[in-house]
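This report concerns only the one structure given below.
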Ligand SMILES: Nc1ncnc2c1ncn2[C@@H]1O[C@H](COP(=O)(O)OP(=O)(O)O)[C@@H](O)[C@H]1O
Ligand SMILES: [Mg+2]
């Protein structure tokens, strides 16, 4: 093992997982997209979820974020069982996600996209906005400042007033991450954040993910770029045809015959 590798620098995981999945399944008609899937994610770590195309990774994200209802199994967050029913509820609880296909409001500015994300943590609703109460104005100001700080954090402060749709692909991905951070999540789930990025953008993304871990975030990362995953993840889970076929340290997973077989097979069913 390379002692300089960032994945090895973190301290030992604490015993209680931040997020736990127990035997979760999802069928689409006769197709078993996720089958009896279990995993545990510990606070302050980066957990990787990998597997060939069609393995069930995005379906799993849709289950944990309340977009799909599981056919069986349970989720625990901070030790309590919860049923992810509506995406807004899941976000309020402290879990945020991004999407494999970017979902930004492309005709709003970068700053406005983040301000929308912030609103789930603020008190004043529609009435405050209509009547422009003093406390509403104060809150609006604080949301704006916080949103600027988040743009700065992900490295795109200079594009605050650009339309999101005009940003480069890599910057749109960073904007999505900033918007997810606006809900102040404890767990941030990213669905292929490096997809479509060039080598420089990937390197900057890697630095951002490591910075977020240093700052105390817990990250669940679905990613196709195996090099990126192996370079930063503390723990990796491998799915194939909806089943967990391997899990453990990046080193263990890389050497697993089942994983090598799945990826070679994956070339055929990709
Ligand atoms: N809404 C859906 N309806 C029917 N089948 C689906 C749906 N979503 C995903 N699937 C199927 O479930 C399997 C897993 O897909 P997905 O979770 O997108 O895989 P991955 O993200 O690992 O590439 C695939 O066979 C896919 O075609
Ligand atoms: Mg996917």
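Here are a few things to note about the model shown:
- Here the Kirkwood formula, the inverse mean of 1/r across different C-alpha pairs, assigns segment 30-72 a hydrodynamic radius of 11.8 Å.
- Cα convex hull, segment 169-225: 69 Å³ per residue, rounded to a whole number.
- Using the Cβ-Cβ distance between residue 31 and residue 92 with R0 = 41 Å, the FRET efficiency computed as 1/(1 + (r/R0)^6) comes to roughly 0.80.
- Working from Cα pairs under 8 Å separated by at least six residues, relative contact order for segment 216-260 is 26 percent.
- The value given for segment 132-270 is a Kirkwood hydrodynamic radius of 17.1 Å, derived from the mean inverse Cα-Cα separation.
- For the chain, the share of DSSP beta bridges that are antiparallel, to the nearest 5, is 55%.
- Between the Cα long axis of helix 134-153 and the first principal axis of the chain there is an angle of about 40°, rounded to the nearest 10.
- Gain upon complete extension [residue 141, residue 227; 0.36 nm per residue less C-alpha separation]: 26.8 nm
- Relative contact order [Cα under 8 Å, 6+ residues apart], the chain, whole percent: 27
- Equivalent-ellipsoid semi-axes of segment 81-120, from the Cα gyration tensor, Å, largest first: 23, 12, 7
- In the chain, the ratio of gyration radius to Kirkwood radius, Rg to Rh, stands at 0.98 when only Cα atoms are counted.
- In terms of overall dimensions, segment 15-123 has a Cα radius of gyration and Dmax of 15.3, 45 angstrom.
Only the coordinates and a few stated rules stand behind these numbers; no lab work does. Every value quoted in this text rests on a predicted model; they were computed, and no experiment measured them. Glycine gets a Cβ as well: all are built from the backbone with ideal geometry, and neighbour counts include every protein chain shown.
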